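Only one structure is covered here, and it is reproduced in the block below.
No lab work stands behind these numbers, since they all come straight from the coordinates. Only a predicted model underlies this, so the values are computations on that prediction, with no experimental measurement involved. Don't worry about glycine lacking a Cβ; one is built from the backbone with ideal geometry, like all the others, and counts go over all protein chains shown.
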């Protein structure tokens, strides 16, 4: 992580001084890659800053979703809506797919994406793309005809339960087949959809992408989860990670050479260990604990000594805040810049975990 790592090591003493004073030496290998989350940066902006990203020591840069998306508010590009607007911000729309092709009005087209990838290759920075096969736009009539046709018709695009709002997020059937926040749930088990989606993934890989962040991953069923009536088997994750082919198509790059992680937000009935068989996971509970410590300026306000997670820290992505804790829940919006930076320093210096800045 170059000089950023050394800054972090120097800064971790701020936290360590609040501990019990017992020094222990780490004997295990530390995974020390760092991801820059270029949230809502256009492809052109990322490309223009790639040299600085590389020199700052980031191994990866993560883009916002690159897929075709719903055009909201007459194509406005402001990050957040103005007071009195009826929606929460323009950034929300690239999480509403209308097709799975590279390029959207918020971040840039396919040529701009390719130029960004060329810049990443020049400076030896790997690119992670935020992908979201779980749902489409709230206005599902905006889905493009090519997608409907590819999956066998509009009705085949969604789960039978896909327009039923989730009432209990700890009910695995509701969680993995139901409508989340108005977003209708895609039938990710439809082989025609899987083939169409994997064509998009392989196009990204062909341009040099070397990682994926799976948005709303816990809303896509595991083999052990209940089946939707339109699904023969819950095999999306086997297809997405290259364990299975679908209609002759397979993940173009071996999964073990990619950085793949899922947004599996922790709750009472989340199968973290089973998801971890396919990919790394987000350490959402650890982020909450860290924000508590920062907010109260007290190392003992919550435990930072364990990961609050059943999965080993080497397979967790850590953060002080995510775009959701900031823009959606506003849970982290009250932290000062100094508190946020101190938290990042702590995560960077802490053994294991891959910090997402």
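Key figures for this structure:
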{"item": "Antiparallel bridges, percent of DSSP beta bridges restricted to the chain (to nearest 5)", "result": "25 percent"}
{"item": "Residue order, fewest to most surrounding Cβ atoms within 10 angstrom, among 264, 34", "result": "34, 264"}
{"item": "For the stretch 97-172, the Rg and Dmax computed from alpha carbons only, in angstrom", "result": "16.6, 48"}
{"item": "Per-selection metrics, the chain (Cα): Rg and Dmax in Å", "result": "20.3, 64"}
{"item": "Mean separation of Cα contacts under 8 Å (6+ apart) over length of the chain, as relative contact order %", "result": "18 percent"}
{"item": "Segments 306-312, 62-68 sorted - mean Cβ within 10 Å per residue, highest first", "result": "62-68, 306-312"}
{"item": "Net lengthening on full extension, residue 74/residue 202 (0.36 nm per residue, minus Cα-Cα)", "result": "43.0 nm"}
{"item": "Separation of alpha-carbon centers, the stretch 135-153 and the stretch 187-240, rounded to whole Å", "result": "16 Å"}
{"item": "Which of 81, 332 has the fewest Cβ neighbours within 10 Å, and the rest in rising order", "result": "81, 332"}
{"item": "Relative contact order of the stretch 304-357, defined on C-alpha pairs under 8 angstrom at six or more residues apart (%)", "result": "47 percent"}
